[in-house]
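Colleague: To start, I am sharing the structure in question, which I have written as structure tokens.
The values are calculated or read from the model by the stated rules, or taken from the named source; none is laboratory data. None of the values given here were measured: they were computed from a predicted structure. Glycine gets a Cβ as well: all are built from the backbone with ideal geometry, and neighbour counts include every protein chain shown. Calculation scope for accessible area: heavy atoms of the full protein, side chains included, ligands and nucleic acids excluded. Shrake-Rupley method; radii C 1.70, N 1.55, O 1.52, S 1.80 Å.
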Amino acid sequence: MSQRIYLSPPHVGPEETELLMQAMRSNWIAPAGPFLDQFEAEFARATGAAHAVAVSSGTAALHLALHALGVGAGDEVAVSTLTFIGSVAPIVQRGAAPVFIDSDSTWTLDPDLLDHTVRDRSRIKAVVAVHLYGQPADLDRLRSICAARGIPLIEDAAEATGAQYKGRHVGNDGAVGYYSFNGNKIVTTSSGGMVVTADAAVAAHVRKLATQAREPVPHYEHAELGYNFRLSNVLAALGVAQLRRLSERVEQRRRNFEYYAQGLSDLPGVAFMPEAAHSRSTRWLTVITIDPAAGVSREALRRSLEAENIEARPVWKPMHQQPPLRRFPAVLNGTSDRLFEQGLCLPSGSSLTREDLDRIVTTVRRAWHTSVGRG
Ligand SMILES: *Cc1c(COP(=O)(O)O)cnc(C)c1O
């Protein structure tokens, strides 16, 4: 059996090992230390953020963002339905109620649906917009809709480290932005995340909440309850090394997309996730859709790839379809349901070789020819 090709595996080199060892030798094996400070400073510089706070995951980052913005029981939060659970679980766990909003033709949060929804629902106290698969949502429109009603915008940039909207890095248009450094993301610290904001007071509060909300006195004094959500200094060393390769890694992922587009676009029924005119996506994952009339179903193709030891994955199952979330309101237009049925994420790691890509393209093409051959 040929070697397994994973969807989006970590991509590390000797620099990661070297900095990790430096962290170990320094004995800053704790959620504090010089690599944390360095990672935050360099991440802020790379993404144009004013303030950056390194935390233990992207999901933890959203918890902290909601808490710092005062979102809690009795509030509603409008959020993209086409996303990963990490964009939503913290909303419910904070005691708030998500209001799911469908996608537009770019697959990201539909500004028109959002506009109608915030007019109808006065309890909406925040909007979480997801830069899906690295594609920036329409930030200018979302920002003006939110600004008109004084609702803070939170950018979920978990899949979008290195993405640009109209020439500026994502993450900085709203009240708060956040990133993920999970093992499958563009920059990884195994697990990790970052909260960014232009508001120094919000940044300070997030930092305090992430470290058990300890007051600055010699004994342990707590005026409020926080979380143990800080990133480890050891993992921040990984982040520093990873960040040095950010633009290269985005280029590699975009090249994967181009290669697939050239190799598969002629197959009947196959389409690619569009890139919005205003944006430069990271192409974190290359996603295709397969028309149900194509003769090969999304699931049949996934199984053909799996049989060749190639990992592919359906598009995110929309949040309004998830059993624990079905009781919440959803404003739908059919896009996310269709994309879940038809969408497949192809292997997209920045370490994929030409041989890997050829193996994947060949396997996909064979699935088409076999099905056509059978009539
Ligand atoms: C990965 C991801 C998250 C959560 O990040 P974790 O670091 O895994 O907690 C949130 N939103 C989206 C869209 C993601 O892809």
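Colleague: So if each residue of separation counts as 0.36 nm, and I subtract the Cα-Cα distance between Asn333 and Ala200, what length gain in nm does that give?
Modeller: Working: separation 133, 0.36 × 133 = 47.88 nm, distance 3.82 nm.
Here the segment from Asn333 to Ala200 would lengthen by 44.1 nm.
Colleague: Same structure, new question: Report in % the part of the accessible area of the chain that belongs to carbon and sulfur, leaving out ligands and nucleic acids; probe 1.4 Å. Present the calculation step by step, with values, prior to reporting the outcome.
Modeller: Numbers: 7910 of 15160 Å².
That share works out to 52 percent.
Colleague: Run through every distinct alpha carbon pair of region 42-130 and return the Kirkwood hydrodynamic radius in angstroms, one decimal place. If you can, show how the numbers build up before the last one.
Modeller: Details: mean 1/r = 0.0719 Å⁻¹.
Over region 42-130, the inverse of the mean reciprocal pair distance is 13.9 Å.
Colleague: Follow-up question, since we're still on this one. Can you give the accessible area per residue of the chain, in Å², using a 1.4 Å probe?
Modeller: 40 Å²
Colleague: Okay, next question. How big is the charge dipole of the chain about its Cα centre, in debye rounded to the nearest 20, if each Lys and Arg gets +1 on its Cβ and each Asp and Glu gets -1 on its Cβ? Don't skip to the answer; put the middle values down first.
Modeller: On the way: 39 positive and 39 negative charges, 69 e Å.
The dipole of the chain has a size of about 340 debye.
Colleague: For a test of the definition: using alpha carbon positions, the gyration tensor, and the 1.5 limit on a/c, classify region 211-263 as rounded, prolate or oblate.
Modeller: On the way: a/c = 6.32, a/b = 3.25, b/c = 1.95.
Because a/c hits 1.5 or more and a/b exceeds b/c, region 211-263 counts as prolate.
Colleague: Next question, about the same structure. Send over the per residue convex hull volume for region 1-151, Cα only, as a whole number of Å³.
Modeller: Details: hull volume 25.7 nm³, N = 151.
Roughly 170 Å³ of hull volume per residue.
Colleague: Could you list, bin by bin from short to long, the percent of Cα-Cα pairs of region 246-374 in 10 Å steps?
Modeller: 12, 40, 32, 15, 2
Colleague: Taking Lys317 as the anchor, which lysines have their alpha carbon closer than 22 Å to its alpha carbon, excluding any fewer than eight residues away along the same chain?
Modeller: Lys317 reaches Lys185.
Colleague: So if R0 is 25 Å, what FRET efficiency would Glu306 and Phe272 give, r being the distance between their Cβ atoms, rounded to the nearest 0.05? Don't skip to the end; give the middle numbers.
Modeller: Details: r = 21 Å, r/R0 = 0.85.
E(calc), rounded to 0.05, equals 0.75.
Colleague: Keeping all protein chains in position, work out how much accessible area Ile360 exposes to a 1.4 Å probe, and write it in Å² to the nearest 10.
Modeller: That residue has around 0 Å² of solvent-accessible surface.
Colleague: Ok, one more. Where does helix 200-210 land angle-wise versus the long Cα axis of the chain, in degrees 0 to 90, nearest 10?
Modeller: On a 0 to 90 degree scale, this one is about 80.
Colleague: Can you tell me how much longer the chain between Glu299 and His369 gets when fully stretched, taken as 0.36 nm per residue apart minus their C-alpha distance, in nm with one decimal?
Modeller: 23.6 nm
Colleague: What do you get for the angle between helix 233-243 and the principal long axis of the chain? Use alpha-carbon atoms, 0 to 90 degrees, nearest ten.
Modeller: 50 degrees
Colleague: Rounded to the nearest 0.05, what FRET efficiency do Ala147 and Ile29 have when you use their Cβ-Cβ distance and R0 = 45 Å?
Modeller: On the way: r = 44 Å, r/R0 = 0.97.
For R0 = 45 Å, the calculated efficiency reads 0.55.
Colleague: Just to be sure I follow: if Rg is taken over the C-alpha atoms of the chain and Rh is the Kirkwood radius over the same atoms, what is Rg/Rh? Could you put the intermediate results ahead of the total?
Modeller: Numbers: Rg = 21.0 Å, Rh = 21.3 Å.
Dividing the radius of gyration by the Kirkwood radius yields 0.99.
Colleague: Each residue of region 264-281 in order: what ³J(HN,Hα) in whole Hz does its phi give by Karplus 6.51 cos²θ - 1.76 cosθ + 1.60, θ = phi - 60°, with x for Gly and Pro?
Modeller: Each residue of region 264-281 in turn: 10, 4, 7, 5, x, x, 9, 9, 10, 4, x, 9, 5, 4, 7, 10, 10, 6 Hz.
Colleague: Taking the mean number of other Cβ atoms within 10 Å as a proxy for protection, how do you rank 240-248, 363-371, 48-56 from highest to lowest? Write out the running numbers ahead of the final one.
Modeller: Values: 240-248: 18.8, 363-371: 17.2, 48-56: 22.4.
So the order, starting with the most tightly packed, is 48-56, 240-248, 363-371.
Colleague: To test your reading of the geometry: what angle, between 0 and 90 degrees and rounded to tens, separates the Cα axis of helix 58-68 from the longest principal axis of the chain?
Modeller: Approximately 40 degrees, to the nearest 10.
Colleague: Pop the C-beta distance of Ile85 and Val217 into the FRET formula with R0 = 41 Å and round what comes out to the nearest 0.05.
Modeller: Working: r = 38 Å, r/R0 = 0.93.
With a Förster radius of 41 Å, E is 0.60.
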